[in-house]
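A quick write-up on the structure given underneath.
Where a number appears in this text, it was derived from the coordinates with a stated rule and is not lab data. No experiment lies behind these values; they were computed from the predicted model shown. Cβ: placed from backbone, ideal geometry, glycine included. Neighbour counts: every protein chain shown.
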Amino acid sequence: MARSDDPGSAGRIDQTGTEIRDDLPPAELLARAGAEATGVIESWPSQPREAAIKTIQRYGAPDAVMPSRLIWTDKTPWRRVVVNRDVVPHDFPKPHNDLLEEWISYRIPSERLDDVARFDGSVIAERTKGELGARCDKEEMNYLALNLAHDVIVGALDVDAARRAYTEKAGAFMMGKSDPYTEALQFPVPPNGSGDRDVPTINAQEVRQ
Amino acid sequence: MTVATITEQTVEELTSTWPTTSRESAQTVMRSYGPPDEACEELLLWVGHGPWKHTILWRDEIPHDFPTPHHDVLQQFIDYRVPPDAYAPLAWFDGSVVVERTKGELSARCEGEEMNFLAINLSHDLATGKVDADEARRQYTEIAKAFQAGHPSPYTQGLQFDVQHGGTADRDEITIPETILHKLGEKLGITE
């Protein structure tokens, strides 16, 4: 997959500095992504296959290829991007299939997780690892979910207001209207190291004994 | 890379450069469940072995100090629907327990399967109101301490409740009516 250091060609650069190769036909993209990814997604259902092609357009060849998933690592702002072959039906705010997972570094206050789960069941928190992820069918909806999850976590919105905002912004996006919440993360993403190790409850002497 | 036919030997080669805990854990899991069903440089994946829906062995180790300092590498999943008010207590009980509401899955990530059994069993006790988060942490500490001293508990040897297979996913509800989407799409000439 061509990146900006490919002397033979160049795509457009989006606001995050990522080179987007939407000028290339899918066949060319797949060839650049390597035979391995190509071979895997050829047998996938159409929706995850198309999501894989879109993600290759955006982030280049995946860093890891498995029969059930493609994985990209450290693609700003994401720590990890995963396209899954197996989809998860989700009806909020409209029926769709969750298949694109995107994770950021994020310190999770555990006491806010009831509200986060009520807001959107496809936002996933990993406290020890220090990651917050969203799984939807489009990157724009993952931006929206994480931006609003952050608003819920910091107390800027309650659950009902966040669900209303998601509904309105997702509807507007489907009608072709842009919104900062669907275009990029609207809060500073902490560097890696947001994990919460917790505390030992068995003391060292007990462990040695 | 992907591994077309995965054998214990190919896993040994694949994990030869992995950190110690994840490399050794790969060997331990293979002794129970055989070679993984899928593998790449970052993880090994077993599907449907033992009581687990799937098992992931991660290359990258996550430091975790509860109840003693160790590295989380082995994540194991079951189908489970967590009540809406139990997400925060579960995260407080053990930050390595992960809940996925839409998918209807509960997982634990620790160094070995026994501690995952323990975390999931106590998560079930917490989700069903048998214990609160503080009591779950106390019990985790005591049972883990006994396990390290060579006294395993039923809670470290297997899941102590009936695990559902399917029917735990939560699709949530539609908040954008299809009729409105359809009408707007037609008006704007947009096909969704």
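HN-Hα J couplings of region B:60-69 from phi, Karplus 6.51/-1.76/1.60, θ = phi - 60°, integer Hz, Gly and Pro as x?
Those phi angles translate into 7, 8, 10, x, 9, 9, 9, x, 9, x Hz.
How far is helix B:133-148 tilted, in degrees, relative to the longest principal axis of the Cα atoms in chain B, given as a value from 0 to 90 rounded to the nearest 10?
40 degrees
Would you mind classifying region B:8-188 by shape? Square roots of the alpha carbon gyration tensor eigenvalues, ordered a ≥ b ≥ c; an a/c under 1.5 is rounded, otherwise it is prolate if a/b is larger than b/c and oblate if not.
Oblate, since a/c reaches 1.5 and b/c is not below a/b.
In nm, give the distance between the simple-model label positions of B:Ile174 and A:Ser46, each being 7 Å from the Cα along the Cα-to-Cβ direction.
Rounded to a tenth, the inter-label distance reads 2.1 nm.
Using modelled amide H (1.01 Å from N, peptide plane; none on Pro or chain starts), what sits under 5 Å from the amide H of A:Ala64, excluding residues fewer than 5 places away?
The list, which skips near neighbours in sequence, is A:Ile71.
Quick one: what are the phi-derived ³J(HN,Hα) couplings along region A:48-62, Karplus 6.51/-1.76/1.60 with θ = phi - 60°, whole Hz, x for glycine and proline?
x, 5, 5, 5, 5, 5, 4, 6, 5, 4, 7, 10, x, 5, x
Between B:His165 and B:Ser16, what FRET efficiency comes out of the Förster formula 1/(1 + (r/R0)^6) with R0 = 25 Å and r the beta carbon distance, rounded to 0.05?
So the FRET efficiency works out to roughly 0.10.
Which of B:Val97, B:Val73, B:Val163 ends up with the largest GNM mean-square fluctuation for chain B, with Cα atoms connected below 10 Å?
Highest fluctuation of the listed residues: B:Val163.
Taking the Cα atoms of region A:12-197, what is the range of coordinates along each of the three principal axes, in descending order and whole Å?
Cα spread of region A:12-197 along its principal axes, largest to smallest: 46, 42, 31 Å.
Please list, ordered by chain and number, the residues whose modelled amide H lies under 5 Å from the amide H of A:Gly195; skip anything fewer than 5 residues away on the same chain.
none
I want to check the label-to-label distance for B:Glu135 and B:Asp65. Put each point 7 Å from Cα in the C-beta direction and report it in nm to one decimal.
With each label point 7 Å from Cα toward Cβ, the separation is 2.7 nm.
Too long at a 25 Å Cα-Cα cut-off: which of A:Lys54/A:Lys169; A:Lys129/A:Lys177; B:Lys53/B:Lys145; A:Lys94/A:Lys138; A:Lys129/B:Lys130; A:Lys129/A:Lys169?
A:Lys129/A:Lys177; B:Lys53/B:Lys145; A:Lys129/B:Lys130; A:Lys129/A:Lys169
If amide hydrogens are placed 1.01 Å from N in the peptide plane, which non-local residues have theirs closer than 5 Å to the one on A:Thr201?
Residues meeting the amide H criterion: B:Thr68.
Which ³J(HN,Hα) values in Hz, rounded to whole numbers, follow from the phi angles of region A:114-125 under the Karplus curve 6.51 cos²θ - 1.76 cosθ + 1.60, where θ = phi - 60° and Gly and Pro get x?
4, 5, 4, 5, 5, 5, 7, x, 9, 9, 10, 10
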